[in-house]
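Here the structure comes first, spelled out in structure tokens, and everything after it is commentary.
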Amino acid sequence: MHTAHAEVLIVGSGPTGLVLAIDLARRGIPHRLVERSERGFPGSRGTGIQPRTLEVFDDLGLLPAFMAESRLIPKAQAWEGPERVRVWDFVESADASPGVPYPDPRMLPQWRTVELLVERLEELGGHVDFRTELTDFAQDPDGVTATLRHADGTVETVRAGWLVAADGGRSTVRKALGVPFTGEELTAQPVLIADVLLAGDDRAEIDSDHWHMWPRAEGGLFTLRSLEGSDALQLMAAFDATVEPDRLRDVSAEDLTRLVATRTGMRLTVTEVRWVSDFRARTAMAERFRHGRVILAGDAAHVHPPNGGQGLNTSLQDGYNLGWKLAAVLRRGAPDALLDSYDAERTRVAAGVLGLAASVHRADRAGGRDGLQRRGKETHQLTLGYRDSALSRDLRHDVPEDALRAGDRAPDATCMDASGSPVRFFDVFRGPHFTLLALTDEEFTAPAEDWIRTCRVGGGASADLRDAHGHAKSGYGSGFFLVRPDGYVALATDDVADVAEYVKLVAA
Ligand SMILES: Cc1cc2nc3c(=O)[nH]c(=O)nc-3n(C[C@H](O)[C@H](O)[C@H](O)COP(=O)(O)OP(=O)(O)OC[C@H]3O[C@@H](n4cnc5c(N)ncnc54)[C@H](O)[C@@H]3O)c2cc1C
């Protein structure tokens with residue numbers, strides 16, 4: 001039988017697999033992205049996109065499209081039956097600052113985010129092999145041999161250097177590896193989630209400017225909200241633990257019309273059910289994400305309760321952490337240990353985020369008159385970082401306690417180029433390279449590696465950028481900052497000679 005080859009085989013074209021594929025495509029790394037469904041994910045599910053993910057989209061060239069179609073999270077409208085009770089801010093919002101240009105979470109149905117990711121991948125020359133399912137694989141020291149089944153029944157063998165399992169919470173790959181997936185069932189209550197069309201005499205009451213919530217509805221919490229770019233609404237209903245989830249999945253428009261009437265007391269009719277699913281909030285995580293040449297990412301590695309909108313964001317940032325490391329191993333002969341840093345960095349982040357999502361879930365369950373709790377800045381994922389990573393080197397002495405450190409997210413800062421035009425650090429970082437930010441007026445020899453771009457920020461004649469507003473100084477201080485392709489400070493030092501030593505961690 002013919003065997004196809006790929007340097008990286010990615011299983012699953014959810015947000016995780018797509019972000020990884022985009023990152024590999026822009027680096028020119030041949031890969032294969034297989035997806036068993038016909039067209040990608042059809043439901044609204046993960047709508048909340050956090051500020052840190054917006055920065056990832058900026059780097060990957062996706063932000064303008066995403067901003068144009070998404071919107072800020074609307075205010076909540078609490079109801080008691082057909083009576084409006086109170087309007088309140090569901091999320092804590094913040095003003096943009098020099099270091100944080102996108103301070104607020106935004107919303108877009110997951111199916112549309114996934115489509116935008118597919119479009120970006122195609123712009124970069126990549127594509128998704130839909131209707132192609134991984135059914136089996138075996139790994140050896142040099143690679144992975146995988147069996148793919150196409151929708152027409154044909155079977156294909158693929159030989160790949162690396163297999164990335166981005167195949168979701170029920171991951172075939174994780175199960176085949178026998179990796180324990182442990183966590184906590186946070187509640188026995190099933191929740192129904194559906195995308196529906198709504199009509200009826202009271203339809204105009206369910207305006208698109210609010211997220212409508214019935215915290216004390218008979219039978220449990222009930223919410224309705226308009227979906228961006230769509231005539232559909234997302235309906236969510238919590239049920240008593242005695243209700244069998246199977247009963248939820250088979251609901252018809254008539255069943256949902258009855259449910260809406262019971263929970264809201266309003267004259268509303270569900271005229272179409274476009275997508276329906278159910279879940280029980282739980283946390284679960286694999287102890288390790290790297291298993292030789294097989295790497296778990298996204299929901300395949302960790303599942304979150306939906307509260308606080310963390311799952312999709314954490315998942316696609318796995319792909320973003322992994323892309324440049326795989327490329328460094330494949331193209332620059334970087335040591336294999338670089339991929340262990342994916343495991344170390346992302347297991348730590350996932351464990352922390354799971355703890356956060358579980359605590360938001362508990363606060364939501366405790367309820368209160370508004371039903372759900374206000375979401376604070378801790379859900380924005382801007383303070384996540386890798387200070388404890390073996391890849392983070394801070395070689396400075398006597399640094400103030402609150403200073404930016406190696407491992408921290410590299411903040412934005414607006415400077416000026418020689419013509420007086422504003423240039424942001426995020427403009428300088430955008431792309432697959434490392435950036436050496438030199439915040440110094442000293443003369444020095446820039447690193448020779450073509451994958452490191454040096455940007456001199458200062459007042460000297462050779463400066464690329466002038467810190468006209470002091471943003472760079474206040475965000476970074478002074479010295480040399482080597483910024484990773486995924487936007488974290490790799491190295492902070494006062495001596496540019498340290499860069500050569502650091503390079504050995506990420507290249508041959
Ligand atoms: C009700 C609800 C609300 C949520 N809200 C949010 C939110 O607001 N914000 C947030 O961040 N997260 C949210 N989430 C979580 C989010 O939806 C997931 O974390 C996200 O989808 C994970 O992305 P992924 O790419 O890892 O996996 P998935 O999106 O599950 O994608 C996996 C893909 O792999 C494919 N696949 C599986 N097996 C195979 C195989 N053997 N061969 C080929 N293809 C395969 C599947 O068809 C699927 O397309 C929510 C989840 C739920 C249930």
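If we scan region 270-278, do we find a residue that is touching a residue at least 40 places away in the same chain (Cβ under 8 Å), crowded, with 22+ Cβ neighbours inside 10 Å and in contact with a Phe, Trp or Tyr (Cβ under 8 Å, 6 or more places away or on another chain)?
Within region 270-278, none of the residues are touching a residue at least 40 places away in the same chain (Cβ under 8 Å), crowded, with 22+ Cβ neighbours inside 10 Å and in contact with a Phe, Trp or Tyr (Cβ under 8 Å, 6 or more places away or on another chain).
Would you mention how many residues in region 39-53 are more than 9 Å from the ligand (Cβ to nearest atom) and either closer than 24 Å to TRP275 by Cα or crowded, with 24+ Cβ neighbours inside 10 Å (or both)?
2
Among the numbered criteria (1) surrounded by fewer than 20 Cβ atoms within 10 Å (Cβ to Cβ); (2) out of contact with any strand residue (DSSP E or B) (no Cβ under 9 Å at 6 or more places or on another chain); (3) outside any loop (DSSP other than H, G, I, E, B), which one does HIS5 miss?
Of everything listed in (1) surrounded by fewer than 20 Cβ atoms within 10 Å (Cβ to Cβ); (2) out of contact with any strand residue (DSSP E or B) (no Cβ under 9 Å at 6 or more places or on another chain); (3) outside any loop (DSSP other than H, G, I, E, B), HIS5 misses just condition (2).
State all residues of region 126-139 that are without any contact (Cβ under 8 Å) to a residue 60 or more places away in the chain and more than 12 Å from the ligand (Cβ to nearest atom); if no residue qualifies, say none. It would help to see each step written out before you state the result.
Looking only at region 126-139, we keep the residues that are without any contact (Cβ under 8 Å) to a residue 60 or more places away in the chain, and these are 135-136, 138.
Within region 126-139, ALA138 is the sole residue that qualifies.
Filtering region 438-466 down to residues that are in a strand (DSSP E or B) and touching a Gly at 6+ places or on another chain (Cβ under 9 Å), which residue is nearest to ASP486 (Cα to Cα)?
Filtering region 438-466 for residues in a strand (DSSP E or B) gives 438-439, 452-457, 465-466.
Cutting the leftovers down to touching a Gly at 6+ places or on another chain (Cβ under 9 Å) gives us 438-439, 453, 465-466.
Working: ALA438: 18, LEU439: 20, ARG453: 14, LEU465: 22, ARG466: 24 Å.
Here the answer is ARG453.
Among the residues of region 476-498, which ones are over 17 Å from ASN321 (Cβ atoms), in contact with a Phe, Trp or Tyr (Cβ under 8 Å, 6 or more places away or on another chain) and not in a strand (DSSP E or B)?
Once the filter is applied, which keeps residues that are over 17 Å from ASN321 (Cβ atoms), in contact with a Phe, Trp or Tyr (Cβ under 8 Å, 6 or more places away or on another chain) and not in a strand (DSSP E or B), region 476-498 yields ASP494, ASP495, VAL496, ASP498.
Regarding region 15-38, can at least one residue be identified that is modelled with pLDDT of 95 or more, of a type in the set (Lys, Arg), within 16 Å of the ligand (Cβ to nearest atom) and buried (at least 16 other Cβ atoms within 10 Å of the Cβ)?
Yes, there is a match, as at least one residue in region 15-38 is modelled with pLDDT of 95 or more, of a type in the set (Lys, Arg), within 16 Å of the ligand (Cβ to nearest atom) and buried (at least 16 other Cβ atoms within 10 Å of the Cβ).
Going residue by residue through region 134-150, is there one that turns out to be touching a helix residue (DSSP H, G or I) at 6+ places or on another chain (Cβ under 6 Å) and surrounded by fewer than 15 Cβ atoms within 10 Å (Cβ to Cβ)?
Checking region 134-150: not a single residue is touching a helix residue (DSSP H, G or I) at 6+ places or on another chain (Cβ under 6 Å) and surrounded by fewer than 15 Cβ atoms within 10 Å (Cβ to Cβ).
Going by the conditions given, is ARG267 among the basic types (Lys, Arg) and in contact with a strand residue (DSSP E or B) (Cβ under 6 Å, 6 or more places away or on another chain)?
Working: among the basic types (Lys, Arg): yes; in contact with a strand residue (DSSP E or B) (Cβ under 6 Å, 6 or more places away or on another chain): no.
So ARG267 fails the test.
Of everything in region 140-179, what is within 11 Å of the ligand (Cβ to nearest atom) and at positive phi? Give them in sequence order.
GLY168
Please give the strands (runs of 3 or more DSSP E) falling wholly within region 240-321 in which 2 or more residues are away from the ligand (no atom under 16 Å from the Cβ).
On the way: elements: 269-279, 282-286, 294-296.
Qualifying strands (runs of 3 or more DSSP E): 269-279.
Which ones in region 78-116 are within 17 Å of GLU228 (Cβ to Cβ) and not charged (D, E, K, R)?
Just the residues of region 78-116 that are within 17 Å of GLU228 (Cβ to Cβ), to begin with: 90-91, 102, 104-116.
Correct list: PHE90, VAL91, TYR102, PRO105, MET107, LEU108, PRO109, GLN110, TRP111, THR113, VAL114, LEU116.
Across region 333-347, what is the number of residues that are surrounded by fewer than 15 Cβ atoms within 10 Å (Cβ to Cβ) and either in contact with a helix residue (DSSP H, G or I) (Cβ under 7 Å, 6 or more places away or on another chain) or within 15 Å of GLN381 (Cα to Cα) (or both)?
1
Would you call ASP427 acidic (Asp, Glu) and either over 26 Å from ALA344 (Cβ atoms) or over 27 Å from the mean Cα position of the chain (by Cα) (or both)?
So ASP427 passes the test.
Please determine whether any residue of region 253-269 is surrounded by fewer than 19 Cβ atoms within 10 Å (Cβ to Cβ) and more than 17 Å from GLY200 (Cα to Cα).
The answer is no, given that none of the residues of region 253-269 is surrounded by fewer than 19 Cβ atoms within 10 Å (Cβ to Cβ) and more than 17 Å from GLY200 (Cα to Cα).
With the checklist (1) polar (S, T, N, Q); (2) over 22 Å from PHE90 (Cα atoms); (3) surrounded by 20 or more Cβ atoms within 10 Å (Cβ to Cβ) in hand, flag the one item GLN234 doesn't pass.
It fails just one condition, (2).
Any residue at all in region 63-76 that is more than 9 Å from the ligand (Cβ to nearest atom), closer than 30 Å to VAL144 by Cβ and not assigned by TED's automatic domain parsing to the domain that holds THR223?
No, region 63-76 contains no residue that is more than 9 Å from the ligand (Cβ to nearest atom), closer than 30 Å to VAL144 by Cβ and not assigned by TED's automatic domain parsing to the domain that holds THR223.
Of everything in region 188-204, what is buried (at least 17 other Cβ atoms within 10 Å of the Cβ) and either touching a helix residue (DSSP H, G or I) at 6+ places or on another chain (Cβ under 7 Å) or outside any strand (DSSP E or B) (or both)? Give them in sequence order.
PRO190, LEU192, ALA194, VAL196, GLY200
Could you check, for region 321-328, whether at least one of its residues is under 13 Å from the mean Cα position of the chain (by Cα), among the small types (Gly, Ala, Ser) and crowded, with 23+ Cβ neighbours inside 10 Å?
Within region 321-328, not a single residue is under 13 Å from the mean Cα position of the chain (by Cα), among the small types (Gly, Ala, Ser) and crowded, with 23+ Cβ neighbours inside 10 Å.
The values are calculated or read from the model by the stated rules, or taken from the named source; none is laboratory data. If you're wondering where the values come from, they're calculated on a predicted model, not measured in any experiment. Cβ: placed from backbone, ideal geometry, glycine included. Neighbour counts: every protein chain shown.
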